[in-house]
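Beneath this line is the structure, given in structure tokens, with notes to follow.
The values are calculated or read from the model by the stated rules, or taken from the named source; none is laboratory data. None of these values were measured; they are calculated from a predicted model. Please note: Cβ atoms are built from the backbone with ideal geometry, for glycine as well, and neighbour counts cover all protein chains shown. For accessibility, only protein heavy atoms count, side chains too; no ligands or nucleic acids. Shrake-Rupley method; radii C 1.70, N 1.55, O 1.52, S 1.80 Å.
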Amino acid sequence: MNLKVITRNVGVALLVSALFMLLSVFVSIANGKDSALAPLLISFSITFICGIFPFIFVKRGPAISLKDGYMIIFLSWLMSFEFGMLPYALWGGPFTLVNAWFESVSGFTTTGASILEDVEILPKSLLFWRSSTHFIGGLGVVVFLLLIIPTSSPISLRLKNMELSNISKESYSSRANKTVSTFAWVYIGICVLAFLSYWAAGMSPFDAINHAFSVCATGGFSTKTLSIGAYNSVVIDVITIVFMFLASIHFGLIFIALVTRSLRPLNNPVIRAYVLMLSLSSIAGGLSLKLQGAVGSWGRAFLESTFQMVSYASTTGFAIADNSVWPALPCFLLMLMSLVCGCAGSTTGGMKVDRILVLGKAIRRQTFRSLNPSSVSEIRLGSSRIKDEDVYPQVLYVAQFFLLIIMSVILCLFSGDPNGNALTGSLSCLANVGPSLGSIGSLGNYNAEPTLMKAIFTMDMFLGRVEIYPVFAALYSIFHSRRKL
């Protein structure tokens, strides 16, 4: 591994964080130099110095190798977590070191789980930094790096695969060197439109930009303890549903639909399956809420059900209702949404609809082959043929996903699991959903969880955000290098 290449590129990730810390400083000044001014100034100074240091003292290295690329991804996220916790830890209040770490990891990984019992106690500048971590993490530290890595670099396309899987790229045609710019422009476009929509619907400009940062990143941090429900506005609820859905489908397909001015690119088997999943779960959840007396009217039942199903499936985590008092069926459906989640090529976490479809088709093909050994069959998604070498990693990923949940639950049980959230918390954090059920439900928080469980959950968030493989590859490279020494 080339340390010069790695440190210079990790420095870029830190400079991105420093930029948003500086913006948070300006927010503090604009609000009468609130209590987070000093913590943000100190955090900005430390982060900026550490980020600029490699550019001053480290010479430009050779081209980025595959191992270097994995280490850049791994360390960029890790360093972003560590420096991102500084404003919280220095401000104090409910932010112990463990809580500050939890909030930082949750923000950058766009999980949206929080330790805050009262969000409104934070000064506006710290709320802005909190939402900014979503914006940075949603676009991805990886994507920020790819914007400065030459497209001719041998690692460039491989790094793209960590944010946009091979399966998703099969569903639309676009030049490889346009993948990242397409992702970035659609992401920023969704953010701008969400901001304008929220502002027009009655939110203050400050609340609008914070919620726009969260919804485009499918993160879930809000400026209100009661989340979107605090506004008590059906218009804002519907706007949020629309943007949560848009942010959870393939950005490449959105781009092609806009360029061609046609909805045909969205007539995709993955999106059709995703819409069907959301529709059935929302209808079933709404029926259950109304028939079991959890809400007063049919309209409210279907609004709450649809909002929460889209929120969990898109891994956003916004809320307009407290699901801790919901009947069993809609709660089960929420957990099911947390497993499957949105589409590849979006900012969502979880296993993703693409993989579930491929897994189902692989099982179907294997069953057919067992009955007809001499037959030749292939897996297709719409008009695209999925190669066998692309099927195996996706099936393996699903197996790894469930294995990590099991391991996480076992580790959580060692801590005593006083609130009974080992399984639901592990699932929600690994899928980057954030809220789950019970005390960590849609309007709950993770503050009451033991320190060990918080640490385990942050590990789940990290693995879920980078989709497991890059972390394993980076750790393998580190230990393999030590063996050689």
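Apart from one condition, THR218 fits all of (1) over 26 Å from TRP185 (Cβ atoms); (2) open to solvent by less than 10 Å² (accessible area, probe 1.4 Å); (3) not in a helix (DSSP H, G or I); the exception is (1).
Can you find even one residue in region 35-47 that is part of a helix (DSSP H, G or I), surrounded by fewer than 17 Cβ atoms within 10 Å (Cβ to Cβ) and either of a type outside the set (Val, Ile, Thr) or free of Cβ contacts under 8 Å to residues at least 40 places away in the same chain (or both)? Break it down into steps so the answer makes sense when it comes.
Within region 35-47, the subset part of a helix (DSSP H, G or I) is 37-47.
This time we only want the ones that are surrounded by fewer than 17 Cβ atoms within 10 Å (Cβ to Cβ), so: 38, 42, 45-46.
Checking which are either of a type outside the set (Val, Ile, Thr) or free of Cβ contacts under 8 Å to residues at least 40 places away in the same chain (or both) leaves us with 38, 45.
Looking for residues that are part of a helix (DSSP H, G or I), surrounded by fewer than 17 Cβ atoms within 10 Å (Cβ to Cβ) and either of a type outside the set (Val, Ile, Thr) or free of Cβ contacts under 8 Å to residues at least 40 places away in the same chain (or both), one finds at least one in region 35-47, hence yes.
Condition test on ALA13, is it modelled with pLDDT under 95, of a type in the set (A, V, I, L, M) and outside any helix (DSSP H, G or I)? Don't jump to the end; show me each part of the working.
Numbers: modelled with pLDDT under 95: yes; of a type in the set (A, V, I, L, M): yes; outside any helix (DSSP H, G or I): no.
No: the conditions fail for ALA13.
In region 48-91, of all residues being polar (S, T, N, Q) and farther than 23 Å from LEU122 by Cβ, the one that is surrounded by the most Cβ atoms within 10 Å (Cβ to Cβ) corresponds to SER76. Only one entry in VAL119, VAL105 is surrounded by fewer than 23 Cβ atoms within 10 Å (Cβ to Cβ), touching a residue at least 12 places away in the same chain (Cβ under 8 Å) and within 30 Å of LEU437 (Cβ to Cβ), namely VAL119.
Would you mind stating whether ARG385 is surrounded by 11 or more Cβ atoms within 10 Å (Cβ to Cβ), outside any helix (DSSP H, G or I) and of a type outside the set (A, V, I, L, M)? When the stated conditions are applied, ARG385 passes them.
Condition (residue is among the hydroxyl-bearing types (Ser, Thr, Tyr), touching a Ser or Thr at 6+ places or on another chain (Cβ under 9 Å) and more than 16 Å from PRO123 (Cβ to Cβ)) applied to region 17-25: is it met by at least one residue?
First, the residues of region 17-25 that are among the hydroxyl-bearing types (Ser, Thr, Tyr): 17, 24.
If we keep only those that are touching a Ser or Thr at 6+ places or on another chain (Cβ under 9 Å) as well, we get 17, 24.
Next, from what is left, pick out any that are more than 16 Å from PRO123 (Cβ to Cβ): 17.
The answer is yes, given that some residue of region 17-25 is among the hydroxyl-bearing types (Ser, Thr, Tyr), touching a Ser or Thr at 6+ places or on another chain (Cβ under 9 Å) and more than 16 Å from PRO123 (Cβ to Cβ).
With LEU423, LEU357, LEU430, LEU413 as the choices, which residue is at pLDDT 85 or above, among the aliphatic types (A, V, I, L, M), over 25 Å from the mean Cα position of the chain (by Cα) and closer than 30 Å to PHE108 by Cβ? It would help to see each step written out before you state the result.
Numbers: LEU423 fails: over 25 Å from the mean Cα position of the chain (by Cα); LEU357 fails: over 25 Å from the mean Cα position of the chain (by Cα); LEU430 fails: over 25 Å from the mean Cα position of the chain (by Cα).
None of the other options fit; the residue is LEU413.
Among the residues of region 1-34, those identified as over 26 Å from the mean Cα position of the chain (by Cα), more than 30 Å from ALA474 (Cα to Cα) and open to solvent by 40 Å² or more (accessible area, probe 1.4 Å) are PHE26, ILE29, ALA30, ASN31, GLY32, LYS33.
Return yes or no: is LEU196 open to solvent by less than 40 Å² (accessible area, probe 1.4 Å) and either of a type outside the set (D, E, K, R) or at pLDDT 95 or above (or both)?
Details: open to solvent by less than 40 Å² (accessible area, probe 1.4 Å): no; either of a type outside the set (D, E, K, R) or at pLDDT 95 or above (or both): yes.
So LEU196 fails the test.
Here the condition is being at pLDDT 95 or above, within 22 Å of ALA113 (Cα to Cα) and surrounded by fewer than 22 Cβ atoms within 10 Å (Cβ to Cβ); of ALA230, ALA212, it holds for ALA230 alone. Counting just the residues of region 324-363 that are in contact with a Ser or Thr (Cβ under 9 Å, 6 or more places away or on another chain) and over 16 Å from ALA431 (Cβ atoms), which one comes out surrounded by the fewest Cβ atoms within 10 Å (Cβ to Cβ)? Ranking the candidates gives ALA328 first. With respect to (1) more than 22 Å from THR348 (Cα to Cα); (2) surrounded by fewer than 19 Cβ atoms within 10 Å (Cβ to Cβ); (3) among the aliphatic types (A, V, I, L, M), the lone exception for LEU423 is condition (1). Is it the case that some residue within region 398-406 is touching a Ser or Thr at 6+ places or on another chain (Cβ under 6 Å), surrounded by 14 or more Cβ atoms within 10 Å (Cβ to Cβ) and over 20 Å from SER214 (Cα atoms)? Yes: region 398-406 contains one or more residues that are touching a Ser or Thr at 6+ places or on another chain (Cβ under 6 Å), surrounded by 14 or more Cβ atoms within 10 Å (Cβ to Cβ) and over 20 Å from SER214 (Cα atoms).
The listed residues are GLY189, GLY202, and the only one of them that is of a type outside the set (Phe, Trp, Tyr) and either assigned to a helix (DSSP H, G or I) or at pLDDT below 80 (or both) turns out to be GLY189. For region 430-485, the candidate set comprises residues that are open to solvent by less than 20 Å² (accessible area, probe 1.4 Å) and β-branched (Val, Ile, Thr); within that set, the residue that is farthest from LEU334 (Cα to Cα) is VAL471.
Taking each residue of region 1-26 that is without any contact (Cβ under 8 Å) to a residue 24 or more places away in the chain and looking for partners that are in a helix (DSSP H, G or I) and small (Gly, Ala, Ser) with beta-carbon atoms closer than 9 Å, six or more apart or interchain, yields PHE26/SER125.
For region 308-319, a residue qualifies if it is surrounded by 24 or more Cβ atoms within 10 Å (Cβ to Cβ) and within 19 Å of CYS216 (Cβ to Cβ), and the qualifying residues are SER311, TYR312, ALA313, SER314, THR315, THR316, GLY317, PHE318, ALA319.
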